[in-house]
Amino acid sequence: MPQSANGFDVEAHAARLEERGFTVIDDFMDADTVAEARAALAPFLGSHSGRNAFEGFETERVYTLVARAPVFERLTEEPRVMELLGGLLQPGFLLTASQAICIRPGEAAQDIHYDDGFYRQPRPRPAISYTLIAAIDPFTDTNGATDVIPGSHRWSQDEIAEKAGEPGGLEALARPVVMPAGACVILAGTLLHRGGANRSASPRLAFTNQYCEPWARTQENFYLGVPREQARAMSPRLKQLLGYDIWPPFMGQVTGSHPLKALEPDFTPPVEAQRPRH
């Protein structure tokens, strides 16, 4: 992984992911992009709360974020992130989740978890997914910054249980990722982390995109969540990230054809088109 032409040190970020399980891109968004993202989210915020402790009873989430505004389309396929993940995941990797997260004052810390835990291959193992969390508000040690346990991406399930049983448990090992608005943190899907408690007087707004191996089932079903007309107008890379592609030799085919055909305006599912007429 050489340093890219734009000065982004892919090798250094990949090394930090390998060593610590996370890395921070300080200049992921400039001030104008942060403002655009905040404005694009404003119509969707202010009316909902999480349905359980993990979502957060004082946390609001906006799902299928990639389809909510052009700024989120651009950020989902941000070139430096694509370059970095291209060296960590197999070609044709997918977007698996895309959401905004607003942690309000008074929210408790999440349970410590790792994001690709629903893939049930035993640990230790390589990450099957990677998570990007981007700060629209600054992340501080009191407003719900993401807490991480450095190095935990390498632990087996037995090691996790052993650490949990020590004085203070896993919580004693968690450290907040403090970063300015516009920065993002990228986590290996095997890294133990949580959304922190918001002990401040202000909400903490962020968004997260998660990317997974091309053979893995995605958390969000973007075929149903993103209208066909909208997907049709997206960039080729974004269509691929949403799953409108083939992972060789034929995973993702639609009745024996390339899934991009399903976005054509006159597409009729072959099951319907070939149905006998009486």
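The values are calculated or read from the model by the stated rules, or taken from the named source; none is laboratory data. Quantities reported herein were computed from a predicted structural model and do not represent experimental measurements. Quick reminder, even Gly has a Cβ in these numbers, built from the backbone with ideal geometry, and neighbours come from all protein chains shown. Side chains are part of the model used for accessible areas, which takes the heavy atoms of the whole protein and leaves out ligands, DNA and RNA. Shrake-Rupley method; radii C 1.70, N 1.55, O 1.52, S 1.80 Å.
For this structure, a couple of remarks:
- Equivalent-ellipsoid semi-axes for the range 82-184 (Cα gyration tensor, √(5λ), whole Å, largest first): 23, 22, 12.
- Given in Å, the Rg to one decimal and the Dmax to the nearest whole number for the Cα atoms of the range 145-213 are 13.7, 39.
- With protein chains left intact and a 1.4 Å probe, residues in the range 41-199 average 41 Å² of accessible area per residue.
- Stretch gain in nm, segment ARG217-ALA172, where the contour uses 0.36 nm per residue and the Cα spacing is subtracted: 12.9 nm
- The simple spin-label model puts a point 7 Å past each Cα toward its Cβ; for ALA12 and GLN157 those points are separated by 3.8 nm.
- Counting all C-alpha pairs of the range 204-261, share separated by more than 12 Å (%): 71 percent
- Per-atom-type breakdown for the chain gives carbon and sulfur 55% of the accessible area (1.4 Å probe, protein chains only).
- Highest-MSF residue in the chain out of ARG204, ARG74, ARG51 [GNM, Cα springs under 10 Å]: ARG51
- Residues considered: GLY256, GLY21, GLY92. Largest GNM mean-square fluctuation over the chain, using C-alpha springs under 10 Å, is found at GLY256.
- Gaussian network model of the chain, springs between alpha carbon atoms under 10 Å - residue of ILE25, ILE136, ILE160 with greatest fluctuation: ILE160
- Whole-Å semi-axes of the range 1-79's equivalent ellipsoid (Cα gyration tensor): 30, 19, 10
- Taking θ as phi - 60° and the Karplus parameters 6.51, -1.76 and 1.60, the scalar couplings of the range 224-237 work out to 8, x, 9, x, 4, 4, 6, 4, 4, 8, 6, 5, x, 5 Hz in sequence order, x denoting glycine and proline.
- Estimated D of the range 1-148 in µm² per second, where Rh is the Kirkwood radius over Cα pairs and Stokes-Einstein applies at 4 °C, 1.567 mPa s: 76 µm²/s
- Per-residue ³J(HN,Hα) for the range 142-155, Karplus 6.51 cos²θ - 1.76 cosθ + 1.60, θ = phi - 60°, Hz, x for Gly and Pro: 10, 10, x, 4, 4, 9, 10, 10, x, x, 6, 5, 9, 6
- Whole-Hz Karplus values for the range 156-165 come out as 7, 5, 5, 5, 4, 5, 5, 5, 5, x Hz, taken residue by residue from phi with 6.51 cos²θ - 1.76 cosθ + 1.60 and θ = phi - 60°; glycine and proline positions read x.
- Correct option for volume of the Cα convex hull per residue in Å³ [calculated from the coordinates] among (i) 173; (ii) 160; (iii) 212: (ii)
- Binned Cα-Cα distance frequencies in the range 156-278 - 5 Å width, integer %: 2, 7, 12, 14, 13, 11, 11, 9, 8, 6, 4, 2, 1, 0, 0
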